[in-house]
Amino acid sequence: MTMNTIDRSKAAFVAACFAALALLPWLAGSYGVDLVTKIMVYAVFALSLELLVGATGLVCFGQAAFFGIGAYAAVLLSPASEAASLLWLLPACIVAAALYALAVGALSLRTKGVYFIMVTLAFAQMAYYVVHDTPLGGGTDGIYLTMKPVLGTWLDLDGALSLYYLTLVCLVAVFAFLAVLLRSRFGRALAGIRVNEQRMRATGFSTYPYKLAAFTLSGGIAGLAGFLFAVKDGFVNPELMSWHLSGAVLIMIILGGLGHLRGALIGAFAFALLQEFFKSEAIFGAFARHWHLGLGLTIIASVALLPRGLVGLPGQWRERLVGRSRPVAVGTEALNEA
Amino acid sequence: MKPETNAPVLLRGRDITRRWGGLVAVDRVSIELTRGSVHAVIGTNGAGKSTLINILSGEIPPSGGSVELLGQDVTRWAQPRRARAGLGRSYQRNTIYPSFTVFENCRLAAQARAQKPWRWWSDAQRCEASTAAARDAAARAGLDELLERPAGLLSHGQKRQLEIAMCLATAPEVLLLDEPLAGMGAEETERMLALLDQLRADHAILLVEHDMDAVFRIADRITVMVNGSVIASDVPAAIRTHPQVLTAYLGDH
């Protein structure tokens with residue numbers, strides 16, 4: 001297979017996924033629509049982290065803070081007595097999360113490796129305790145979004161379907177944006193930084209502004225996911241900023257396959273569906289209460305058996321069929337990260 | 001080819017010193033690189049050669065002394081800024097991007113001269129300035145047949161050539177080459193020496209190298225370092241017979 005046919009089959013796969021998502025509400029009931037809306041929100045969130053971890057090589061362990069800030073901004077900025085307009089509320093939530101990311105990035109990007117992971121975690125915990133311990137967002141009880149935002153008269157996000165399609169549009173837009181971005185000069189510089197930052201500096205790239213821009217963008221996208229989550233649930237609480245969520249989204253992109261945008265997509269779906277599966281009392285009865293155990297073991301097994309994530313599964317099968325003689329692993333990553 | 005007498009000095013290090021705690025890794029070393037010449041720095045392991053390159057390229061700051069690039073004092077400039085001003089360097093270990101193709105390795109390096117990161121909608125491959133520079137650099141380093149090959153699949157010698165190609169793609173005036181011949185076979189060494197000879201015409205080259213035969217063949221000037229200090233700096237013929245060099249470094253030959 002040449003590079004172009006691989007590219008085309010990847011693009012066809014992603015297009016088919018989005019088409020299936022567009023048709024899903026005709027087939028699934030309200031439970032399914034609600035579940036897939038949640039998963040698509042997670043997918044947007046996972047894409048935000050993929051930009052940092054997979055594309056730039058920055059392992060951020062505080063992504064939930066940006067998600068939570070987007071969610072809290074949606075509730076706190078909405079007027080109590082009337083519905084806010086999507087036109088200003090959505091950008092405001094993105095900007096709020098991006099600004100926090102800018103501040104966190106400016107400080108944390110001065111560190112590297114495990115220190116970076118710890119510093120991003122520390123900043124996220126700071127944000128967590130601000131909403132947890134102060135009356136700002138209702139403390140531990142959280143706070144309700146009484147009026148969901150609208151877009152003029154023709155889009156009211158109170159309806160499950162309109163929210164579903166808004167989320168799908170956001171997901172497609174974020175995916176397309178990142179796919180284009182990663183092919184641009186900015187995206188290629190991020191790829192260079194991921195592989196060998198020192199070499200990039202020696203070549204003439206001031207890497208800090210690049211990383212900070214990626215960090216801020218990533219925070220903004222996570223904020224968008226947080227906004228969608230708040231509108232979907234009509235409720236926010238400090239758990240949206242907890243490190244559990246930062247860990248969960250990291251697992252999603254690892255499960256899906258780092259270094260590929262569609263890995264974030266697949267990972268979000270796989271993670272959420274596994275979670276649903278192990279939580280199901282119809283299947284596991286009383287044991288469903290211990291769903292963490294089943295989910296955890298499955299994730300450990302898949303990381304051990306699928307070193308390249310779910311995205312790498314077809315390649316792994318192909319190699320098993322054709323034998324291991326061809327050194328395809330090095331070549332296939334090549335230019336198209338999408 | 002020998003250096004022209006009045007060739008312009010492109011890079012000048014003055015009294016460069018680097019201390020690590022009590023250890024003086026580089027002790028008041030002064031060096032001049034002129035266009036059209038290869039200046040080799042030799043010395044045993046730990047003599048301070050790599051530290052000197054790191055200081056000249058801006059990777060680590062000196063404890064004392066100054067660095068001048070194209071007539072400008074760049075001592076306080078960060079490494080990327082020096083690189084953009086015309087200072088290219090290669091590393092002792094391979095620093096190529098193994099999963100990228102040879103072309104993409106060169107293109108990314110060439111992009112440093114036309115970064116424009118805000119053009120997020122435009123495909124990097126469509127930037128003609130950097131694709132042309134990349135092709136040109138790969139061709140000069142003798143890799144034009146291998147443009148589409150993933151760099152990780154190249155032979156060792158080809159990887160070293162790619163290192164040089166990536167340097168050339170940034171259109172540098174000065175090249176600091178850290179052991180470009182390390183681990184090469186005889187044929188690959190010949191090819192690399194021919195390349196260096198060719199590059200000498202329009203660059204100032206600093207060559208740190210352990211292969212003495214190669215150094216004496218290609219260098220126009222040789223500086224010998226021992227324990228961080230320069231003990232001799234002269235043309236190869238004079239270095240060959242320099243008494244201090246003979247006892248300190250070439251004594252076994």
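General observations
- Alpha carbon convex hull of region A:13-242, volume per residue in cubic angstrom: 122
- Shape box of chain B [Cα atoms, principal axes, largest first, Å]: 60, 41, 38
- Legend: translational diffusion of the protein assembly as shown by Stokes-Einstein, Rh = Kirkwood radius over C-alpha pairs, 10 °C, 1.306 mPa s; D = 59 µm²/s.
- Estimated vicinal HN-Hα couplings, Hz - region A:148-156 in sequence order (Karplus 6.51, -1.76, 1.60; Gly, Pro = x): 6, x, 10, 10, x, 10, 9, 9, 10
- Largest-first principal axis extents of the Cα set of region B:96-171 (Å): 36, 23, 17
- Angle between chain B longest axis and helix B:128-140 axis [Cα atoms, degrees, rounded to 10]: 50
- Calculated on the alpha-carbon coordinates, the convex hull of region A:34-166 measures out at 121 cubic angstrom per residue.
- Taking N as the residue count of region A:98-143, its C-alpha radius of gyration divided by 2.2 N^0.38 Å amounts to 1.34.
- Around the amide H of residue A:257, modelled in the peptide plane, lie the amide H atoms of A:310, A:311, all under 5 Å away and 5 or more residues distant in sequence or on another chain.
- Exposed trypsin sites (Lys or Arg not before Pro) absent - longest run of chain A, DSSP non-H/G/I/E/B, at most 13 other C-beta within 10 Å: A:113-323
- Choice from A:270, A:19, A:127 with maximal GNM fluctuation in chain A (Cα, 10 Å cutoff): A:19
- Per DSSP, loop chymotrypsin sites (Phe, Trp or Tyr not before Pro) in region B:103-178 with at most 13 further Cβ within 10 Å: B:118, B:121
- Nearest 10 degrees, 0 to 90: helix B:102-111 Cα axis against chain B principal axis: 80
- Across peptide B:107-117, the average count of Cβ atoms from other chains found within 10 Å of a residue's Cβ is 6.
- Here is the list for region B:144-253: GluC sites (Glu not before Pro) lying in DSSP coil, each with at most 14 other C-beta atoms within 10 angstrom of its C-beta, are B:148.
- For region B:18-27, Karplus couplings with θ = phi - 60° (6.51, -1.76, 1.60), whole Hz, Gly/Pro x: 9, 10, 10, x, x, 8, 9, 6, 9, 10
- More than 15 angstrom apart: percent of Cα pairs within region A:18-83: 67
- Of B:67, B:24, B:41, the one that fluctuates the most in a GNM where chain B has Cα springs shorter than 10 Å: B:24
- Among A:18, A:157, A:217 - extreme Cα towards positive end, dipole of the protein assembly as shown, charges at beta-carbon: A:217
- For region B:96-171: relative contact order, % (alpha-carbon pairs under 8 angstrom, 6 or more apart): 50
- Along chain B, longest interval not containing exposed trypsin sites (Lys or Arg not before Pro), exposed being DSSP loop plus at most 13 other Cβ atoms within 10 Å: B:94-253
- Average partner coverage of B:158-171, which counts Cβ from other chains inside 10 Å: 1
- Between helix B:156-169 and chain B: long-axis angle, C-alpha atoms, 0 to 90°, nearest 10: 80
- Using just its DSSP H runs of length 4 or more, each adding -39500 (n - 2.57), chain B gives a mean residue ellipticity at 222 nm of -10000 deg cm²/dmol after division by all residues.
- For the protein assembly as shown, the number of Lys pairs separated by eight or more positions or lying on different chains, with C-alpha atoms closer than 16 Å, is 5.
- Ranked from largest, the principal axis spans of the Cα set of region B:188-253 equal 33, 22, 21 Å.
- Phi angles across region A:23-30 convert, under the Karplus curve 6.51 cos²θ - 1.76 cosθ + 1.60 with θ = phi - 60°, into 3J(HN,Hα) values of 8, 3, x, 6, 9, 8, x, 5 Hz, Gly and Pro given as x.
- Between residue B:226 and B:231, the built amide H atoms are under 5 Å apart, and every one of these is 5 or more places off in sequence or on another chain.
- Look at where the Cα atoms of region B:75-98 and of region B:143-222 average out, and the two centres are 15 Å apart.
Read-outs: derived from the displayed coordinates by stated rules, not from any lab. What you see is a predicted model; the values in this text were computed from it and never measured. Using ideal geometry, Cβ is built from the backbone for each residue, glycine included, and neighbour counts are taken over all protein chains shown.
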